[in-house]
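Worksheet: one structure, shown below.
The values are calculated or read from the model by the stated rules, or taken from the named source; none is laboratory data. The model shown is predicted, which means the values in this text are computed figures rather than measured ones. Don't worry about glycine lacking a Cβ; one is built from the backbone with ideal geometry, like all the others, and counts go over all protein chains shown.
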Amino acid sequence: MVIITGMVTIIFGQITLFFGHIYPQKVNIITFFCTKVKNMMFLGIDLGSSSVKVSLFDGEKNERLKSVSYPSDEMEILSPEQGFAEQNPMIWIENLHKAVQILKKDFPKMLAEVKAIGISYQMHGLVTLNKKGELVRNAIIWCDSRAVSIGENAYRELGTEFCNQHYLNSPGNFTASKLSWVRENEPEKFEEIDKFMLPGDFILYHLTGTISTTAPGLSEGILWDYENEKTANALLHHYKIDSKLIPPLSPTFGEQGLLDEAIAKELGLTPGIPVTYRAGDQPNNALSLNVFHPGDVAATGGTSGVIYGVTDQKRFDPLSRINTFLHVNHKAQAPRLGILLCLNSVGILNAWARQELLNKAWTYDEMNARASEIAEGAGGIFVLPFGNGAERALENKNIGVSFHDIDMNTHSKWHIVRAIHEGIAFAFYYGLEIMKEAGVDPKVIKAGYGNMFMSPVFNSTLANLAKTTIELYNTNGAEGAARGAGIGLGYYQNYDDAFKGLKVIETIQPNQHSNISKSYQQWKTILHSSIQ
């Protein structure tokens, strides 16, 4: 970076200091100021467990030019043992490069004009590097449940009152507990570890060579002490993990590293542009929907399903069915915390139905349409949609997926598909009931128009049960990361500026005449009998 020194004029002084962060080379400030608006492009990266999505975003027009998701089929999740879920982080890198190359074919000039990069990533994962910066082992990802008992033991041994006060969570099956599992079960590999990080930290490392993490990132790993606004040293000590393994902290918004020259050349980007934003996928999903303030609620229905509400209060659930993390705009003097409820099996169940029940003969749009033709209540079929590991909402029980009351004489495959969509909506509402106990009672739920939120059955069922309006937006996590990059660069004066182009594309209002609550009560009875 060029360090601008000396006297600057009153008029152009702040402009020079600001735009010096955009180009590593010297520029004519006045010329740059006059041309910067029409050339202000941002790149957003969203690393999921199914694919990597990238979005090219025009900051001046406040609109997404294109999003690319790669691969078209889901990335492989390795499961060497029951309950294990791993991915090779180099597959993430390979798919990231392929996605950007597709953008490069369509927008080579605009890609070269990108001024900053934002990163969103699958939360709670564990990536480990040795002193040479090489991977020690595959990443243990969010839906892996091997460390459940480790977290439960720590919760008891440290004391539930202490954990709730300091961490607002049980150590649970999160990043810190996953690392403790490696120490206990793979001691030789653990000894190799020089730094551990989250999946988004690894993307930053690949792009810039910088090793760092963020305070919200540490909070999602249950590595943040809310009482003292610092690293969770007591938990690290309990797990016999040296705090030196934690990377240095970077801000959520702001310069986090500069793009490597070789990487830039391959991707068609400008060397030295900064990464200026990084956040986990669910806080980032909230950001992408302009959810920043207490009372705002966002939701997503991808591989997993999440309801995420923002509060300014330090809240926790004594049963650890929901979790509290630092939100992207948290400040010690202005607390912003995200209360998150996660359902592991949402879109993955719908994908299973398409593959195994329908043999991939129908598209998701066709599935949604045919399911809508079946009457509310799915002819009395009930589906418990919990087949992707231990569910925090069920107090870390793993009860699997189950189908109830199928009548071979009257029910078709479309009754089953509708029952799956209703069952997923029932699980969401079950989670909302838990969140209401923590003070989250949404009047509006915001979501991107994608995945399960493209299902009319799912949307109407959830709206009717919650008696809540659902607003759907044409946005995604990669676009949100791109907007975050603009915020982190300082291009936008405030959050509202960054979301002027965000518009509601569909609103689902609750139907006062719906009888779905009766079906939900029957579903809930089946659920409770299954978890006893």
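Looking for something modelled with pLDDT of 95 or more, surrounded by fewer than 22 Cβ atoms within 10 Å (Cβ to Cβ) and aromatic (Phe, Trp, Tyr) - is there at least one such residue anywhere in the range 63-74? So far as the range 63-74 goes, yes, one or more of its residues are modelled with pLDDT of 95 or more, surrounded by fewer than 22 Cβ atoms within 10 Å (Cβ to Cβ) and aromatic (Phe, Trp, Tyr).
Can you pull out every residue in the range 381-418 that is modelled with pLDDT under 95, outside any loop (DSSP other than H, G, I, E, B) and charged (D, E, K, R)? The answer is Glu391, Arg392, Lys397.
A single entry from Pro271, Pro247, Pro251 fulfils the requirement of being more than 18 Å from the chain's Cα centre (by Cα) and under 24 Å from Lys195 (Cα atoms): Pro247. Among the candidates Gly450, Gly486, the residue that is surrounded by fewer than 21 Cβ atoms within 10 Å (Cβ to Cβ), out of contact with any Cys (no Cβ under 8 Å at 6 or more places or on another chain) and of a type in the set (Gly, Ala, Ser) is uniquely Gly450. Taking the conditions (1) modelled with pLDDT of 95 or more; (2) part of a helix (DSSP H, G or I); (3) in contact with a Leu (Cβ under 8 Å, 6 or more places away or on another chain); (4) buried (at least 22 other Cβ atoms within 10 Å of the Cβ) in turn, Thr461 satisfies each one other than (3).
For the range 481-509, the candidate set comprises residues that are in a loop (DSSP other than H, G, I, E, B) and under 19 Å from Met454 (Cβ atoms); within that set, the residue that is nearest to the chain's Cα centre (by Cα) is Leu502. Only residues that are among the aromatic types (Phe, Trp, Tyr) and over 27 Å from the mean Cα position of the chain (by Cα) were counted in the range 353-407, giving 3. Quick test for you: out of Arg336, Arg354, Arg315, Arg321, pick the one residue that is modelled with pLDDT of 95 or more, charged (D, E, K, R) and within 30 Å of Asn153 (Cα to Cα). So the residue among Arg336, Arg354, Arg315, Arg321 that is modelled with pLDDT of 95 or more, charged (D, E, K, R) and within 30 Å of Asn153 (Cα to Cα) is Arg336.
For the range 426-435, the condition holds for no residue, the condition being that it is touching a residue at least 24 places away in the same chain (Cβ under 8 Å), over 23 Å from the mean Cα position of the chain (by Cα) and closer than 23 Å to Pro385 by Cα. The condition of being of a type in the set (Ser, Thr, Tyr), under 20 Å from the mean Cα position of the chain (by Cα) and closer than 26 Å to Ala369 by Cβ holds for only one of Thr468, Thr461, Thr475, Thr410, that being Thr475. Test Thr270 against the criterion of being of a type in the set (Ser, Thr, Tyr) and farther than 29 Å from Asn350 by Cβ, and give yes or no. In short, yes.
Kindly indicate whether Asn130 is in contact (Cβ under 8 Å) with a residue 60 or more places away in the chain, surrounded by fewer than 22 Cβ atoms within 10 Å (Cβ to Cβ) and within 22 Å of Thr252 (Cα to Cα). I'd like the intermediate steps shown before the answer.
Working: in contact (Cβ under 8 Å) with a residue 60 or more places away in the chain: yes; surrounded by fewer than 22 Cβ atoms within 10 Å (Cβ to Cβ): yes; within 22 Å of Thr252 (Cα to Cα): no.
The answer is no for Asn130.
Looking only at the range 510-532, residues that are surrounded by 20 or more Cβ atoms within 10 Å (Cβ to Cβ) and part of a loop (DSSP other than H, G, I, E, B) come to 0 in all.
Only residues that are in contact with a helix residue (DSSP H, G or I) (Cβ under 7 Å, 6 or more places away or on another chain), within 20 Å of Leu103 (Cα to Cα) and either of a type outside the set (D, E, K, R) or in contact (Cβ under 8 Å) with a residue 60 or more places away in the chain (or both) were counted across the range 241-265, and they come to 2.
Restricting to the range 203-235, name every residue that is closer than 20 Å to Ala139 by Cβ, of a type in the set (A, V, I, L, M, F, W, C) and surrounded by fewer than 21 Cβ atoms within 10 Å (Cβ to Cβ). Outline the logic, then answer.
Initially, the range 203-235 is screened for residues closer than 20 Å to Ala139 by Cβ, giving 203-214, 216-223.
After this cut, where a residue has to be of a type in the set (A, V, I, L, M, F, W, C) as well, the list is 203-204, 207, 211, 218, 222-223.
If the condition is that a residue be closer than 20 Å to Ala139 by Cβ, of a type in the set (A, V, I, L, M, F, W, C) and surrounded by fewer than 21 Cβ atoms within 10 Å (Cβ to Cβ), then Ile211 is the only one that fits.
Within the range 45-69, the only residue that satisfies the criterion of being over 17 Å from the mean Cα position of the chain (by Cα) and either aromatic (Phe, Trp, Tyr) or within 30 Å of Ser149 (Cα to Cα) (or both) is Phe57. If you go through the range 165-180 one residue at a time, do you hit one that is aliphatic (A, V, I, L, M), crowded, with 21+ Cβ neighbours inside 10 Å and under 21 Å from Ser49 (Cα atoms)? Yes, there is a match, as at least one residue in the range 165-180 is aliphatic (A, V, I, L, M), crowded, with 21+ Cβ neighbours inside 10 Å and under 21 Å from Ser49 (Cα atoms).
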